[in-house]
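Please treat every number below as a calculation from the coordinates, not as lab data. What you are looking at is a predicted structure, and each value in this text was computed from that prediction instead of being measured. When we count neighbours, we look across all protein chains shown, and the Cβ atoms used for this are built from the backbone with ideal geometry, even at glycine.
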Amino acid sequence: MESYDKWLTIEELSSYLKMSRSKLYQMAQKGELPGSKIRTQWRFDRNRIDEWMETYSNAAIIESRKIRYK
């Protein structure tokens, strides 16, 4: 059984999503990415990130279909 941390650091999230840390910081600060800032450090709930990615992916597919079929 593979173990994983429920809470991800920005570095772990960057690796998990294969996105740059700077982009993730920007998104978190704008409220575009679900996360919690504890003093000076961000933490991200893996389950909420997975849900966010699912929603974001589905929204992108729907939007691309709208553009394609106009």
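May I ask you to list the trypsin sites (Lys or Arg not before Pro) in the stretch 1-56 that are in a DSSP loop and have at most 14 other Cβ atoms within 10 Å of their Cβ? Don't jump to the answer; show the numbers that get you there.
Working: sites: 6, 18, 21, 23, 30, 37, 39, 43, 46, 48; in loops: 6, 18, 30, 39.
Those that pass, being in a loop and sparsely packed, are 6, 18, 30, 39.
On full extension, the segment bounded by residue 40 and residue 53 gains 2.2 nm, given 0.36 nm per residue less the C-alpha separation. Stretching residue 12 away from residue 25 to a fully extended chain increases their span by 3.4 nm, per 0.36 nm per residue minus the current alpha-carbon distance.
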